[in-house]
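One structure is given below, encoded as structure tokens.
Nothing in this text is a laboratory measurement; each read-out follows from the coordinates by a stated rule. This is a predicted model, so every value here is computed, not measured. FYI the Cβ positions are ideal-geometry reconstructions off the backbone, even for glycines, and counts take in every protein chain you see.
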Amino acid sequence: MFNDLSDFSYRRNFIESIGFYLAFLLLALILSALSGWLVAMYVGPTNALKAGPVAGLISSVALCTFLSFKMLFKKKLFLHFGALFLALGSVLLSCVGGCLFGLIPVAILSGMDEKE
């Protein structure tokens, strides 16, 4: 289920895609919490409640964008319209719902093959 998480050219089945989603969701939660905490420590206690969640959202959008386009290039799908649409959808969904929604198209991309 959690095999080859760092191999972005690997074609995953349904169970492995769920494991990929869960593993990177945990990584995104840690990254968002860490970036939110760092920004909150920088801006001070008066603006921490405003700046922390924004930093977490920015880091989750950056992670989803990085993962989706890295997977496109590793699988050589950057000219495939459906895969490109999924990668752009990942960026848009991560803007709306963070990594909880933004990683769903990335998990779908992880199950795609070069020929699809």
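Structural remarks
- Annotation: the residues SER9, SER17, sorted from fewest to most other C-beta atoms within 10 Å of their own C-beta, follow the order SER9, SER17.
- For the chain, the relative contact order comes to 32 percent (Cα pairs under 8 Å, sequence separation of at least 6).
- Alpha carbon centroid spacing (whole Å) that separates region 24-48 from region 56-116: 23
- Computed magnitude of the charge dipole of the chain (debye, nearest 20; Cβ of K, R +1, Cβ of D, E -1): 180
- Fewest-first ranking of TYR21, TYR10, using other Cβ atoms within 10 Å as the exposure measure: TYR10, TYR21
- Membrane-span-like helices in the chain (whole DSSP H runs, Cα extent of at least 20 Å along the helix axis, mean Kyte-Doolittle hydropathy of at least 1.6): 14-43, 81-110.
- Length available on full extension from SER9 to CYS95: 0.36 nm per residue minus the Cα-Cα distance, which gives 28.4 nm.
- Projecting the Cα atoms of PRO53, ALA107, ILE18 onto the charge dipole of the chain (Cβ charges, centred on the Cα centre) puts PRO53 farthest toward the positive pole.
- Only lysine pairs 8 or more places apart or on separate chains count here, and in the chain those with Cα atoms under 27 Å apart total 4.
- Exposure proxy order (Cβ contacts within 10 Å, fewest to most) of THR65, THR46: THR46, THR65
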